[in-house]
Every structure is written in C-alpha cells, then in structure tokens.
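Please read the structure below before turning to the comments.
The values are calculated or read from the model by the stated rules, or taken from the named source; none is laboratory data. Owing to the predicted nature of the structure, the values given are computational and were not obtained by experimental measurement. Virtual Cβ from ideal backbone geometry, glycine too; neighbours counted across all protein chains shown.
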Amino acid sequence: MADPKVSNAPRRSQVANFVEGQTMTSITQTIKTRLCIISDTHGVVPKPSKASEYAYREPFPPSEVLLHCGDLTKVGYQTEYEGILDFLKSAPAELKLVIAGNHDITLHEEFYEKSGKTKHGNTAENLQRIREMWTGSEAKKHNIIYLEEGTRSFILKTGATFTVYSSPWQPAYFDWAFTYPRSTDRFNPSPPVVSEKAANPVPNHPAIDIMLTHGPPKGILDVTFQEGENVGCDHLRMAVERCRPRVHCFGHIHEGWGAERMDWGTQKSKKVEVDMEKVVEEKCAKVGPFPGFLYVEYRFPLLNQGTKYSSYCSTSSSNLHFRASRIP
Ligand SMILES: [Zn+2]
C-alpha cells in the first residue's frame, strides 16, 4: 500500500485549494471513506476467525482509516505494545491513527518518572524504545501514525482529505498517565485573565473533521457501571460543541460503548440503535454512509461548513475485566 501523505499544514489552506475554481455542485462531490474505530484494547488482539461468538475477531473489517482511541495496554509493558502493534501492522486499513490512554504509562515520560516504580516495581521499561516502536520507521512503514495532542491533516490515496484533533488526556482518576485536574481546561482557548493557557486548544468549527480523544465529553456515553456517574470532561464537552466535528471518537469508559448522533439544529443527541446479532456476524457495528457508528462510512473531503450532525462514538473493545467482549 502506498504511504498516506501526512501533512501538518492547517486544513483551511487545503480546503481553499480544493474549493478554488470549483462550482457549488463540485463542492458537494465527496469520496467514500470508511473509518473503523477501536479503543481500550488493553493488550487484547482480535480472536481467531473461528471464534464466531466474538465480534472482535479476525479477519478485521477493512477500512480506509483505522482509529485507536487509546489504552493500548493494561499498564504500559513493552510486551503488551508488541501484540497490539503487530495486529495494527497487519490490519487492513490504508492509514492507522493511534493515541495513548491513561493505562499507557510508558508513553508519558513525566508520569513514569514519578509513578513508574509504583506500577512496575523495579522492572523499569525502556521508554525510548517504546516510543520508537510507535513513532519509528517500522510503524511508519505500516502506515501507523502515533498522534500526540494537537491537529494533523491527512490525504488518502483516493484524494480524500481530512483533519484530526487528537488528545490522550482526560480528567484525573486514581494515579494514571495523561491526566489533569477536573478544574483544568486544556481544550478551550482561555481568556487572558487565566494564568494557565491551554497549550493545544481544540480548533473552532469547521477546522476539524474528526476528534480522537481517549476520554469522553461530559454527559455523552460516559456513565460508569458502578457509580452511575457521568465522568466525562466538562471542558471537552464545551470544546466539541464549539468544534462540531463529523465524528468524535473516544473510549476510556468501557461501559459507555455505543454511539449517539447529535443534531446541532435541535441540540438533541440520539442513541444509535444496532442489532447486536448482526454486529457479531459482521464483526463491527456498521452504519453508513452518513450517520456515524463504530464502523463508519464518511464522505471526504468534508467541507465541514454545513455540518448539521456530529456522531459521538465510544468504542471500547474490551469489557471491564479487559476481555475481548466488545467490538470495533
Ligand atoms: Zn482509559
């Protein structure tokens, strides 16, 4: 497969190139683009194809873009990364975008320096080697792109172009990586009076097509099983409402698995219903071409200006006990 072209250029300029010299009719021309979204694999790889009771099994559903919303591992051991990296290398997608989650402690250097001993005892992991696994030439050869917090644009072989905002960070919950105090807003531009300015705020609508975060926004697919609390981030909710991407995919709260479609006109969000038997048969929740779910067919280039809907997808692939009961 050809290398997907990765561009750091702001999407706005790409959109401008695309729009220039086009008529209104051609602006609506789109390119079918399938997204396959997974998260919270916690070292678990798809079951063999004969394990037909599991939706999360080989062969993996093909897509143009495979997104992993973080928590690649249970506790950041190199051996855990190796399994999921091998799976991603062979996964049938042109481009594979990956972020870390709170469990991937060895991808958060500052956290590991502080708490690595508590988590791993004296068997210290080689952080540089782990980072190299995700950002080095071997990952790139297989079109795996590890994303930090920020914005990146991509062009697929089909010519489809889209921009992603990514962030592995979520509100503090016990002692894990990539967390911030609930009072901190790292997703919105701060007024000048606030001393702590967000380093990478989520851009305004229509700059972003896909938001890829580990944690959910407050009130969206974020209810915990035990406490029944909404544990998503208030600030992320504000940011997603300001950004209005086509898709906001996330994981973290395994029991939140599912999808909602937000109508910005009515400001109402509606759960997307799926037939679970079909989901197991097809190895994913498949909805297309437009209302989003976990396996989504979207049309790029998006030209987001007219976006009326956003899809929220919570995509944990393992259950609360890190078993492969969930699906892409
Ligand atoms: Zn998590």
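Numbers for the structure displayed
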read-out: Candidates SER137, SER115 - the one that is within 28 Å of LYS218 (Cβ to Cβ) and among the small types (Gly, Ala, Ser); value: SER115
read-out: Leading residue by the ranking (farthest from the ligand (Cβ to nearest atom)) among those in segment 167-189 that are more than 15 Å from LEU107 (Cα to Cα) and of a type in the set (Ser, Thr, Tyr); value: SER183
read-out: Considering residues of segment 179-216 that are among the hydroxyl-bearing types (Ser, Thr, Tyr) and either closer than 23 Å to VAL65 by Cβ or modelled with pLDDT under 90 (or both) only, the residue surrounded by the most Cβ atoms within 10 Å (Cβ to Cβ); value: THR213
read-out: Counted residues, segment 269-282 - those being of a type in the set (A, V, I, L, M, F, W, C) and assigned to a loop (DSSP other than H, G, I, E, B); value: 2
read-out: THR123 being among the polar types (S, T, N, Q), part of a loop (DSSP other than H, G, I, E, B) and over 24 Å from PRO203 (Cβ atoms); value: yes
read-out: Number of positions in segment 234-268 that are surrounded by fewer than 17 Cβ atoms within 10 Å (Cβ to Cβ) and assigned to a strand (DSSP E or B); value: 2
read-out: Residue tally, condition within 16 Å of the ligand (Cβ to nearest atom) and over 22 Å from THR213 (Cα atoms), over segment 92-146; value: 2
read-out: Condition met for GLY101 (within 24 Å of CYS36 (Cβ to Cβ) and over 18 Å from the mean Cα position of the chain (by Cα)); value: no
read-out: Among (1) within 14 Å of the ligand (Cβ to nearest atom); (2) over 21 Å from HIS108 (Cα atoms) - the single one ALA207 does not satisfy; value: (1)
read-out: Condition broken by ASP185, with the remaining ones in (1) under 23 Å from THR79 (Cβ atoms); (2) over 19 Å from the mean Cα position of the chain (by Cα); (3) among the acidic types (Asp, Glu) satisfied; value: (1)
